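Step one of this worksheet: look at the structure below.
The values are calculated or read from the model by the stated rules, or taken from the named source; none is laboratory data. These figures come from a predicted structure and were not determined experimentally. Note that each Cβ is placed from the backbone with ideal geometry, even for glycine, and that neighbours are counted across all protein chains shown. Surface areas here come from the heavy atoms of the whole protein model, side chains and all, with no ligands, DNA or RNA. Shrake-Rupley method; radii C 1.70, N 1.55, O 1.52, S 1.80 Å.
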Amino acid sequence: MNAVSIAVALAYLLAAAGFVVALHLMNSPATARRGSRLSWLGMIVAVAAALVSVIHDETITTAGWIFNAVGGGAAALVAAGGFVRLAGGAGISTQVMIATVLDIIIGPVTFSGSLIAAGKLQGWVSSRPVVFPGARLVTAALAVIGVGASCYLLAGHDSIPVLILGGADMPVVIALLNSFTGIAVAIAGFVIDNGALIIGGALVGASGGILTLLMARAMNRSVLGVMMGGFGTGDSGPVGGPAAGAGDSVRSISAEDAAIQLAYASKVVIVPGYGLAAAQAQHEAAELAAVLRAHATVFFAIHPVAGRMPGHMNVLLAEANVPYEDLKEMDAANPEFPTADVALVVGANDVTNPAARRPGNPVSGMPILNVDQARNVIVIKRSMGHGYAGIDNELYTDPKTGMFFSDAKAGLAEITAAVKVLVPS
């Protein structure tokens with residue numbers, strides 16, 4: 001091993017150590033920014049070391065620059081490239097073959113799921129659950145094909161067409177994408193014998209798995225149940241009022257009505273949810289909180305799966321410079337609702353449904369924010385569409401709840417402007 005190889009190996013080790021420390025810092029919102037900075041510094045070191053290695057070894061080619069930033073897809077390409085390079089030669093070891101097969105299966109799942117996730121966040125893909133007639137049958141058929149092709153390859157047949165067949169697209173669960181990406185990257189590290197990829201991928205895979213379990217627990221569902229069902233929310237389509245037949249039980253209000261309640265409140269709890277995340281309305285929420293803070297006590301109540309991923313809402317609000325002290329987790333926030341003058345729900349659905357306290361429905365037993373215990377409730381929502389569980393939210397028909405039908409971003413902006421008129425700075 002020459003001096004360059006030793007330096008590259010040490011750089012990989014330094015980067016991996018940085019990833020471990022960064023992950024520890026990300027355990028708390030108070031230190032998460034430092035953790036994020038340390039993680040990207042570690043990534044810079046790892047990328048620089050990789051560039052030095054391929055340039056020194058003169059192994060870089062035009063194909064080597066293809067889409068290294070697409071996570072699982074890139075990992076699958078790396079594994080496939082290693083397989084093609086070794087196929088037809090002296091033979092491929094069992095270790096490399098197993099790693100390659102797993103990477104070719106997991107990588108495309110992660111890549112296709114990432115495309116769906118991006119489409120949902122940008123509004124290009126419907127936010128309703130992604131299901132179709134016969135979806136489970138198709139999933140089972142693809143799984144059988146993948147297993148069969150994998151067994152054929154593991155039996156010692158170095159067939160490139162079969163390798164491609166084994167990586168067919170399959171239905172994905174967005175909650176597992178982080179874990180799948182990490183697993184794919186770690187396996188690619190085994191294929192090309194890269195320690196940094198193995199360590200970094202293992203960390204991402206493990207943390208993603210933990211996040212998936214946390215989300216499933218917070219929804220009172222099994223991971224298998226989440227995987228076999230559609231993923232998404234029914235709150236899509238154009239902004240509208242109450243659904244047919246619900247007009248008598250739902251009280252619709254305007255931005256001015258909401259502003260009056262907020263302007264005269266002494267304690268306000270803001271409950272952000274998926275609708276806020278989808279509309280990227282964190283800055284508008286932060287501005288409204290700042291305006292209200294001039295005359296009232298204001299904080300954000302955060303459910304563990306607000307935004308459909310643990311920690312998602314904390315990250316969005318931190319981006320909008322909301323002080324960490326103003327973010328309260330569910331256990332700390334729930335005792336505050338009975339003394340709150342107004343609870344402002346922004347795009348949160350199932351996590352506020354009082355039906356969770358009763359048995360016999362899809363959200364039974366799910367931990368919720370006790371929004372219905374506040375003196376008054378304002379809900380900003382595009383429509384009366386269902387959430388992930390596919391049932392009506394009983395909070396919306398509570399007599400003390402006012403429904404302001406609007407996109408989260410536009411609705412918060414309207415309410416903020418109305419409050420400023422009532423409470424001059």
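One table, with the values for the structure above:
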| read-out | value |
| --- | --- |
| Number of positions in the range 3-62 that are touching a His at 6+ places or on another chain (Cβ under 9 Å) and either more than 30 Å from Asn321 (Cα to Cα) or open to solvent by 70 Å² or more (accessible area, probe 1.4 Å) (or both) | 3 |
| Count of residues meeting criterion [more than 16 Å from Ser207 (Cβ to Cβ) and modelled with pLDDT of 90 or more] in the range 18-36 | 0 |
| Flag if Ala301 is touching a residue at least 40 places away in the same chain (Cβ under 8 Å) and not in a helix (DSSP H, G or I) | yes |
| The range 259-281 - residue that is of a type in the set (Val, Ile, Thr) and open to solvent by less than 10 Å² (accessible area, probe 1.4 Å) and, of those, nearest to the chain's Cα centre (by Cα) | Val271 |
| Every residue from the range 4-38 that is of a type in the set (S, T, N, Q) and closer than 13 Å to Val315 by Cα | Asn27, Ser28, Thr31, Ser36 |
| Looking only at the range 330-367, and only at residues there that are of a type in the set (Gly, Ala, Ser), in contact with a strand residue (DSSP E or B) (Cβ under 7 Å, 6 or more places away or on another chain) and in a loop (DSSP other than H, G, I, E, B), the one that is farthest from Ala277 (Cα to Cα) | Ala340 |
| Residue list for the range 246-258, filter: under 27 Å from Ile391 (Cα atoms) and surrounded by fewer than 23 Cβ atoms within 10 Å (Cβ to Cβ) | Ala246, Gly247, Asp248, Ser249, Val250, Arg251, Ser252, Ile253, Ser254, Ala255 |
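Table: residues versus (1) of a type outside the set (D, E, K, R); (2) open to solvent by 20 Å² or more (accessible area, probe 1.4 Å).
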| position | (1), (2) |
| --- | --- |
| Asn353 | yes, no |
| Pro362 | yes, yes |
| Leu369 | yes, no |
| Ile380 | yes, no |
| Asp392 | no, yes |
| Tyr396 | yes, no |
| Thr401 | yes, no |
